[in-house]
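Chemist: Below: one structure in structure tokens.
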Amino acid sequence: MNSAEVQGNHTWGKFSAFRVLGDHEPMPGFRLVMQFAPRPEGLTRLLEQRARHSDTLDSELARLTVRAGIGLLQSHNVSFAYANAEEVVALIRPDAVARMGSSLAVYEQLLSMYSARLAVLLGEELHVHGHIFEFPDLGIARRAFVAAQEWAEEGTPLRSARRLGSQLRGQGQGFHAGSIDSVEGQMTTLRGAGVDLDALPHWWWRGIAARFRSDGGVELYDDVPHGAELAALVSDV
């Protein structure tokens, strides 16, 4: 199992039945959701490189990754976007495929846009990968967004400890990945660096979301709710 499989959002496997493996026309009433993420090994390398000049956990790197994801709304092919420090999930507008010519064209546009924004913001290229999902209705699509946020929130201790471990390696300090296999190990590692998880900002736990308004503006949610309240935000213009 490679590092991407270990560190990436494994919960997407629950939606594998809806994954699109090639270009096709979405069925009437079905909704496309696309997920994009930098390769974990690339983020690990950046954390190590930046370790001597960044704050603990490198909050700037996390913010810029989130910013690149939310920026997909500028494509005019996305109705709603949810982003955290490791991935972005986008609800595709119902008319996007007709305007772009194919679902693959929409995917390639967003993948290229996300990669380019990351390169500009970070000053370095990161390899990005993604998936296309076609859901029978908006309700199931909403469940995917909720699952993405739940993964981010539940994995915050491990994700934070892993980021800290990369920084420690970048600073030339010893760090053994096995030391954070348990929750106790994660908390010990974080406390040793002075990190109080409860004091970390809301977006670190739950990400940030944005959607288009009917007047053409963008509505940003930096205090994103969860569960049914998040699902209710996932909508079209």
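The values are calculated or read from the model by the stated rules, or taken from the named source; none is laboratory data. Quantities reported herein were computed from a predicted structural model and do not represent experimental measurements. Quick reminder, even Gly has a Cβ in these numbers, built from the backbone with ideal geometry, and neighbours come from all protein chains shown. Only protein heavy atoms, including side chains, enter the accessible area calculation; ligands, DNA and RNA are left aside. Shrake-Rupley method; radii C 1.70, N 1.55, O 1.52, S 1.80 Å.
Chemist: Give the residue that is farthest from Trp205 (Cα to Cα), with candidates limited to residues of the range 120-139 that are open to solvent by 50 Å² or more (accessible area, probe 1.4 Å) and touching a residue at least 24 places away in the same chain (Cβ under 8 Å).
Modeler: Out of the qualifying residues, it is Asp137.
Chemist: Please go through the range 47-62 and give me each residue that is charged (D, E, K, R) and free of Cβ contacts under 8 Å to residues at least 40 places away in the same chain, ordered by number. Please lay out each step first, then the result.
Modeler: Within the range 47-62, the subset charged (D, E, K, R) is 48, 50, 52, 55, 58, 60.
Those that are charged (D, E, K, R) and free of Cβ contacts under 8 Å to residues at least 40 places away in the same chain: Asp55, Glu60.
Chemist: A further question follows. Taking Gly216 and the conditions (1) in a helix (DSSP H, G or I); (2) free of Cβ contacts under 8 Å to residues at least 24 places away in the same chain, which numbered condition does it fall short on, given that it satisfies the others?
Modeler: For Gly216, the failing item is (1).
Chemist: Given (1) open to solvent by less than 60 Å² (accessible area, probe 1.4 Å); (2) assigned to a helix (DSSP H, G or I), identify the lone condition not met by Arg142.
Modeler: (1)
Chemist: Filter the range 23-81 for residues that are within 18 Å of Gly101 (Cα to Cα), surrounded by fewer than 21 Cβ atoms within 10 Å (Cβ to Cβ) and of a type in the set (A, V, I, L, M, F, W, C) and give the result.
Modeler: Selection gives Met27, Phe30.
Chemist: Before we move on, is Ala147 under 29 Å from Pro225 (Cβ atoms), of a type in the set (Gly, Ala, Ser) and surrounded by 18 or more Cβ atoms within 10 Å (Cβ to Cβ)?
Modeler: no
Chemist: Turning to a different aspect of this structure: So Gly178 clears everything in (1) modelled with pLDDT under 95; (2) in a helix (DSSP H, G or I); (3) among the small types (Gly, Ala, Ser); (4) open to solvent by 60 Å² or more (accessible area, probe 1.4 Å) except one condition, right? Which one?
Modeler: Of the numbered conditions (1) modelled with pLDDT under 95; (2) in a helix (DSSP H, G or I); (3) among the small types (Gly, Ala, Ser); (4) open to solvent by 60 Å² or more (accessible area, probe 1.4 Å), the odd one out for Gly178 is (4).
Chemist: Go through the range 95-119 and give me each residue that's exposed (fewer than 13 other Cβ atoms within 10 Å of the Cβ) and either modelled with pLDDT of 95 or more or not charged (D, E, K, R) (or both).
Modeler: Residues satisfying the conditions are Ala98, Gly101, Ser112.
Chemist: Then there is this: Under the condition of being touching a helix residue (DSSP H, G or I) at 6+ places or on another chain (Cβ under 6 Å) and part of a loop (DSSP other than H, G, I, E, B), which residue from the range 59-86 is farthest from Gln171 (Cα to Cα)?
Modeler: Taking the candidates together, the pick is Asn77.
Chemist: Working only within the range 196-210, note down all residues that are crowded, with 21+ Cβ neighbours inside 10 Å and outside any helix (DSSP H, G or I).
Modeler: Gly207, Ile208, Ala209, Ala210 - these are the residues of the range 196-210 that are crowded, with 21+ Cβ neighbours inside 10 Å and outside any helix (DSSP H, G or I).
Chemist: Right, another one. Looking at Thr11, is it surrounded by fewer than 18 Cβ atoms within 10 Å (Cβ to Cβ), in a helix (DSSP H, G or I) and hydroxyl-bearing (Ser, Thr, Tyr)?
Modeler: Yes; evaluated as a whole, the condition is true for this residue.
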